Amino acid sequence: MKFSKDEIKDIIVSISIMTLFYTFPEWSIKFATYFLIISISFILKQIMHKMMAKKLQCTSTYKVHMPFFLFGLWLMILKPILGLSFLVVGSIEIVPYKFGRWGIKLVKLTPYDLGIITLAGTMVNLIIAYTFLFVQSDISQTIVKINCMLVIFNMIPLPQFDGSKIFMWTVWGWLFISLLGIIPLLLI
């Protein structure tokens, strides 16, 4: 369950960009709090992806997608004008082989396997959001908001994104998880 140097760099870049995105245009006021919340939530999500991948005898790595990353930054600037924007910085890549003592072992992954690996990380964000949902404080509302936004953005069913893996496995499960990500935002 090791993170490569490139993966660590991509995670740090993603956390920094997400923090800038969520705190724009009030960076000076919210940056430290949001950075801490996003860091914990995002790193726990990536750890859970890796744990589930390891359980299914494969590996997962996090990669930044530059075109979406740059498009999200452009939308961030337009956020005060449009009132709404979104950011997708990257996704996990599930590699169907494992490096072992005796070389490389090829693993056949089904849509179920890909969906479960992806769902493991998304569930971390849902658990964090629902844990803090009924705690009445500004910080708990921020935790809920950030984790729900991570779930919603991760459930976009476009190829190579986490949501597409769950969508290919089960459409009803994808819809259910998406709704679980939206409901807390309506309650806070």
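The values are calculated or read from the model by the stated rules, or taken from the named source; none is laboratory data. Because the structure is a prediction, the values reported are computed rather than measured. No Cβ is skipped: glycine too gets one built from the backbone with ideal geometry, and neighbour counts run over all protein chains shown.
One line per residue, one yes/no per condition, for (1) out of contact with any helix residue (DSSP H, G or I) (no Cβ under 7 Å at 6 or more places or on another chain); (2) modelled with pLDDT under 95:
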site	(1), (2)
Arg101	yes, yes
Leu119	no, yes
Phe134	yes, yes
Ser137	yes, yes
Leu150	no, yes
Trp169	no, yes
Gly173	no, yes
Phe176	yes, no
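The residues of region 23-76 that are farther than 18 Å from Ile116 by Cα and of a type in the set (Ser, Thr, Tyr), listed by number, are Thr23, Ser28, Thr33, Tyr34, Ser39, Ser41. Leu20 satisfies every condition listed in (1) more than 29 Å from Met168 (Cα to Cα); (2) in contact with a Ser or Thr (Cβ under 7 Å, 6 or more places away or on another chain); (3) among the hydrophobic types (A, V, I, L, M, F, W, C) except (2).
How many residues are part of a loop (DSSP other than H, G, I, E, B) and of a type in the set (A, V, I, L, M, F, W, C) when one looks only at region 53-73? I'd like the intermediate steps shown before the answer.
Filtering region 53-73 down to residues part of a loop (DSSP other than H, G, I, E, B) leaves 56-58, 65.
If we keep only those that are of a type in the set (A, V, I, L, M, F, W, C) as well, we get 56, 58.
So the count comes out to 2.
Select, from Phe24, Phe42, the only residue that is more than 20 Å from Lys9 (Cα to Cα), aromatic (Phe, Trp, Tyr) and either surrounded by 17 or more Cβ atoms within 10 Å (Cβ to Cβ) or in contact with a helix residue (DSSP H, G or I) (Cβ under 9 Å, 6 or more places away or on another chain) (or both). Unique residue meeting the criteria: Phe24.
Just the residues that are without any contact (Cβ under 8 Å) to a residue 12 or more places away in the chain and over 18 Å from Lys165 (Cβ atoms), please, taken from region 41-68.
Looking only at region 41-68, we keep the residues that are without any contact (Cβ under 8 Å) to a residue 12 or more places away in the chain, and these are 55, 66-67.
Across region 41-68, the qualifying residues are Met66, Pro67.
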